[in-house]
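I have placed the structure first, in the form of C-alpha cells, so that the comments after it can refer back to it.
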Amino acid sequence: MTLEAFGTWLAAIDPKATHYVAASSGPCTVWREYQRVGHHADGQHQGGWKVQIDRYTKDEADAIAAAIEVAIEVSVDIAAEHLVDYDTDTGMIRHIFDCEVA
C-alpha cells in the first residue's frame, strides 16, 4: 500500500483526517509516516512504512477511533498497536495507532 493509498483509506473512515498537522483544536485525526520499513525478499525491496495515526477526542466511545480499529483489524495491508493516552491540560483522549503498512 502506498502512502497515497493509505491516506485515501483513512479518509474513507474520517474525511476530515489530515496529514501531519491538525485541522482544528477539537476532535481530529492526524496521520504521518515516520520510518521506511526495509524488508527484502528475492533481492527486491518489499518494505512499506511505519505510520502513526492520532485520533484526538473527548468522547470515550469515539465512533471514528472505533472505526479505525475495526478497519485495521480487517486489513491485510496494515498491522497496528492501539494505545490510549489522556492529556489533563486539554481534556483530550488520544488514540494512538502505531501502524506498519505493507
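Quick notes on this one:
- Members of region 6-30 that are under 14 Å from residue 78 (Cα atoms) and touching a strand residue (DSSP E or B) at 6+ places or on another chain (Cβ under 9 Å): 6, 7, 9, 10
- Residue, modelled with the lowest pLDDT, within region 33-55, restricted to residues that are out of contact with any Gly (no Cβ under 8 Å at 6 or more places or on another chain), in a loop (DSSP other than H, G, I, E, B) and surrounded by fewer than 11 Cβ atoms within 10 Å (Cβ to Cβ): 43
- If you go through region 1-32 and keep only what is surrounded by 11 or more Cβ atoms within 10 Å (Cβ to Cβ), over 16 Å from residue 57 (Cβ atoms) and among the aromatic types (Phe, Trp, Tyr), you end up with 6, 9.
- Answer residue from region 63-97, given it is touching a Phe, Trp or Tyr at 6+ places or on another chain (Cβ under 9 Å) and either acidic (Asp, Glu) or surrounded by fewer than 15 Cβ atoms within 10 Å (Cβ to Cβ) (or both) and is farthest from residue 25 (Cα to Cα) among those: 77
- Matching residues, region 56-102, being part of a helix (DSSP H, G or I) and of a type outside the set (D, E, K, R): 63, 64, 65, 66, 67, 68, 70, 71, 72, 74
- Region 1-17, residues that are assigned to a helix (DSSP H, G or I) and basic (Lys, Arg): none
- Residue check, residue 102 small (Gly, Ala, Ser) and at pLDDT 95 or above: no
The values are calculated or read from the model by the stated rules, or taken from the named source; none is laboratory data. Note that this is a predicted model, so its numbers are computed, not measured. All Cβ positions, glycine included, derive from the backbone under ideal geometry; neighbour counts span all protein chains shown.
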